[in-house]
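Below is one structure, written out as structure tokens; comments come after it.
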Amino acid sequence: MLQEDERIMRIGVLTGGGDCPGLNAVIRAVVRKGVATYGHEFVGFRDGWKGPLEGLSRPLGIADVRGILPRGGTILGSSRTNPFKIENGVERIKDNLAEQGVDALIAIGGEDTLGVATKLFELGVHVVGVPKTIDNDLGATDYTFGFDTAVNIAMEAIDRLHTTAESHHRTLVVEVMGRHAGWIALHAGLAGGANVILLPERQFDVDQVAGYVEKRFQHQYAPIVVVAEGAQPLDGQMVLANQELDSFGHVRLGGIGQWLAEQLEAKTGKEARTVVLGHIQRGGTPTAFDRVLATRLGLQAIDAVNDGDWGKMVAMQSTDIVRVPLAEATRELKTVPLERYAEAEVFFGS
Ligand code: F6P
């Protein structure tokens, strides 16, 4: 039912950065409540910040969001465009918003997309942020949607790898995503009963890992080693897929799993193979947890916009959805505390 409201707004919605399951659930919740409860209008900006930068938009009404709740990806498209790296980027965004009659923006993204939102808010743009990332590394929120789905995909892969590793008496190294934070590796490894879990937060000693692997073989079981793509050996470096930087200065990671498998095979004399889960972790349908979290964040985001509560990010704290300043949420990444890693270490090598 429509509420009495003095001011109908035209609101732009965008999704930026790496996609993740649950983005469509946010868009749906924002539009459904925004239209039905408040009578606002929406415009979808395409491909992250590229949309408002280049004036690329599409209609976004209730009919456009029907049926998208379980769909992975984003109906709006995404990109890693950084308007602060483009000449007159901010002015172009402001001009395009004015030209399309857009009063406010809802930006759904991770550290980079919301970092841009934080700066644009400081420059006078009416913006509210919604956190997303499979990496679960955004500050001020206990969980980001996409993470639970990614963990479940990785856990299922580990379950399957256990049986084939046992049959062939091999080590299987599973490389999961997680650039700066090892939440996916930690949770998937714990849930899947990994023999060793390696995170970006703590450099690992390859001889110690080989020791765990040998011990596992002594128990007549085959070891599964879960390694986050950003993990590094002692005195070593992150393994890069190539040397290119994106517009936020990030390198493309990939290859630590293969490097580690070679090391383990040489040190233990047992065959070691690698599985890189890659974008499988980001694709497909979201879990129930992620759909509910994304929906609740979307509902709170449109409430924040309706209240004119600019410069906020909606966040999950305990079981509540709250609003926190974007600046606070994007100040630093939420990495795995070493005491959480210690919980997993109990199981290494056994
Ligand atoms: O930030 C999410 C994430 O999936 C990281 O885990 C990973 O390093 C990165 O995105 C990969 O991004 P892209 O798909 O752009 O290569």
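The values are calculated or read from the model by the stated rules, or taken from the named source; none is laboratory data. The shown structure was predicted, so the numbers you read here are calculated from the model rather than taken from an experiment. Note that each Cβ is placed from the backbone with ideal geometry, even for glycine, and that neighbours are counted across all protein chains shown. The protein model used for the area step is the full one, side chains on, heavy atoms only, and it has no ligands, DNA or RNA in it. Shrake-Rupley method; radii C 1.70, N 1.55, O 1.52, S 1.80 Å.
Structure values in brief
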{"quantity": "Around Pro70: net Lys/Arg minus Asp/Glu count, Cβ-Cβ under 11 Å", "calculated": "+2"}
{"quantity": "Neighbour net charge for Ala241 - beta-carbon separation under 13 angstrom, K R +1, D E -1", "calculated": "-2"}
{"quantity": "Surface share of carbon and sulfur [accessible, 1.4 angstrom probe, percent] for the chain", "calculated": "49"}
{"quantity": "Acute angle (nearest 10 degrees) that the helix 23-36 long axis makes with the longest principal axis of the chain, alpha-carbon atoms", "calculated": "20"}
{"quantity": "Heavy-atom accessible area per residue - the chain, 1.4 Å, Å²", "calculated": "42"}
{"quantity": "Neighbour-limited loop hits for GluC sites (Glu not before Pro), segment 1-89 (at most 10 other Cβ within 10 Å; DSSP other than H, G, I, E, B)", "calculated": "Glu4, Glu6, Glu87"}
{"quantity": "Most mobile listed residue (Gly249, Gly18, Gly61) in the chain, GNM with C-alpha springs under 10 Å", "calculated": "Gly249"}
{"quantity": "Net charge, Leu56 excluded, C-beta distance under 9 Å - Lys, Arg +1, Asp, Glu -1", "calculated": "+1"}
{"quantity": "Net charge dipole size for the chain [Lys, Arg +1 and Asp, Glu -1 on Cβ; Debye, nearest 20]", "calculated": "700"}
{"quantity": "5 angstrom amide H check on Lys312, placed H, neighbours 5+ away", "calculated": "Gly129, Leu326"}
{"quantity": "Between 0 and 90°, nearest 10: helix 256-268 axis offset from the chain longest Cα axis", "calculated": "10"}
{"quantity": "On Cα atoms only, tilt of 89-99 relative to the major axis of the chain in degrees", "calculated": "40"}
{"quantity": "Kirkwood Rh in Å, taken over the chain so that all alpha-carbon pairs contribute", "calculated": "21.0"}
{"quantity": "Sparse-neighbour loop sites [GluC sites (Glu not before Pro); segment 252-349; at most 15 other C-beta within 10 Å; DSSP]", "calculated": "Glu271, Glu332"}
{"quantity": "Amide hydrogen neighbours beyond the local backbone of Val227, cut-off 5 Å, H modeled", "calculated": "Val174, Glu175, Val176, Leu198"}
{"quantity": "Centroid-to-centroid separation of segment 270-332 and segment 125-141 [C-alpha atoms, Å]", "calculated": "6"}
{"quantity": "Loop sites in segment 248-350: trypsin sites (Lys or Arg not before Pro), DSSP, at most 16 other Cβ within 10 Å", "calculated": "Arg331"}
{"quantity": "Three-way shape label, segment 161-216, alpha-carbon gyration tensor, a/c 1.5", "calculated": "oblate"}
{"quantity": "Residue-wise HN-Hα coupling along segment 233-243, computed from phi with Karplus coefficients 6.51, -1.76, 1.60 (Hz; x: Gly, Pro)", "calculated": "x, 3, 6, x, 10, 4, 8, 9, 6, 7, 8"}
{"quantity": "Spatial extent of segment 42-200: Rg and Dmax, with the Cα atoms as the point set, Å", "calculated": "19.7, 64"}
